[in-house]
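Here is the structure we will look at, set down as structure tokens.
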Amino acid sequence: MKFLLILILSIIVVVPAFAVPLSDRTGLKTKFDVDVGNSTYVVETVANFNIDDVTFYNDTLVFQISSGLQDNLLEMQIPQNITAGAIHLFLDKQEVAPKILSDQKISFVTLEFQGNGTHVLEVKSDYTTKPPEPQAVPGEPVNPVAVFLVAAVAAIAAGIAMMYRKKKAIR
């Protein structure tokens, strides 16, 4: 009986000593509304640190981060309407290599980095909010015969309409 009690107590004391602290690997899910042009999109994040603000400026998503942990973990879902093509992440102006999975709707980014304190994370891609410049398409020259035929048909239709009104007014 004593042996069983000692075994249970040793498991309770020894196992947590080798465990990773739960607060270092768990995160808080947050949704941010990001204005891009005339539209608003939702960027979802799960992080074990605080994300103070998210903005979209000069075709770049900018995250303001404050962390009290040394080992930081971030997962985020970015709509493809904001990012398209190759995505590049810069943490405090240094390019970092996250794990990125993409489909037609979102890009799912997983990033681990070291260091507590305040950080700026920038997400850049090939996306641009400016619409493409319209290109002039050379047209065909106007055919004067076609213009004359259209005018003649319009004049005949107007004459027929006027005759119909006169006949209806006489009756």
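Bear in mind these aren't lab numbers, they're just calculated from the coordinates by the rules spelled out. Just so it is clear, the model here is predicted, and its values are computed rather than measured. Neighbour counts run over all protein chains shown; Cβ positions are idealised from the backbone, glycine included.
Which ³J(HN,Hα) values in Hz, rounded to whole numbers, follow from the phi angles of the range 72-82 under the Karplus curve 6.51 cos²θ - 1.76 cosθ + 1.60, where θ = phi - 60° and Gly and Pro get x?
10, 9, 9, 10, 9, 10, 10, x, 5, 5, 9
Sequence gap of 8 or more, or different chains, plus Cα separation below 18 Å: how many lysine pairs satisfy both in the range 23-125?
Lysine pairs meeting the criterion: 4.
Taking the Cβ of D53 as the centre, find all other residues whose Cβ is under 15 Å away and add up their charges (Lys, Arg: +1; Asp, Glu: -1).
Around D53, the surrounding residues sum to -3.
I want the local charge near S66. Using Cβ-Cβ distances under 14 Å, sum +1 for each Lys or Arg and -1 for each Asp or Glu among the other residues. Walk me through the numbers on the way to the answer.
Numbers: positive: none; negative: D52, D53, D92.
Value of the local net charge: -3.
Roughly how many nanometres apart are two label points built 7 Å out from the Cα toward the Cβ at F148 and D92?
8.0 nm
HN-Hα J couplings of the range 42-49 from phi, Karplus 6.51/-1.76/1.60, θ = phi - 60°, integer Hz, Gly and Pro as x?
9, 10, 9, 10, 10, 8, 9, 9
Project the alpha carbons of the range 23-125 onto their principal axes and report the range along each, largest first, in whole Å.
Each principal axis gives a Cα extent; for the range 23-125 these are 36, 24, 22 Å.
Please work out how much length the chain gains when fully extended from I6 to T30, using 0.36 nm per residue of separation minus the C-alpha to C-alpha distance, in nm with one decimal. Don't jump to the answer; show the numbers that get you there.
Numbers: separation 24, 0.36 × 24 = 8.64 nm, distance 4.40 nm.
Working it through step by step, the gained length comes to 4.2 nm.
Taking Cα pairs under 8 Å and at least six residues apart, what relative contact order does the range 23-125 come out at, in percent?
Value for the range 23-125: 28 percent.
Rank these for me by crowding, M76, M163, going from fewest to most other beta carbons within 10 Å.
Ranked by crowding around the Cβ, least crowded first: M163, M76.
Tally Lys/Arg at +1 and Asp/Glu at -1 over every other residue whose Cβ is under 9 Å from the Cβ of V42; what's the total?
Details: positive: K31; negative: D33, E44.
Net charge in that neighbourhood comes out at -1.
Please list the non-local residues whose amide H lies under 5 Å from the amide H of Q80, H modeled 1.01 Å from N, same-chain partners needing a gap of 5 or more.
When sequence neighbours closer than 5 places are left aside, the close amide H contacts are I106, S107.
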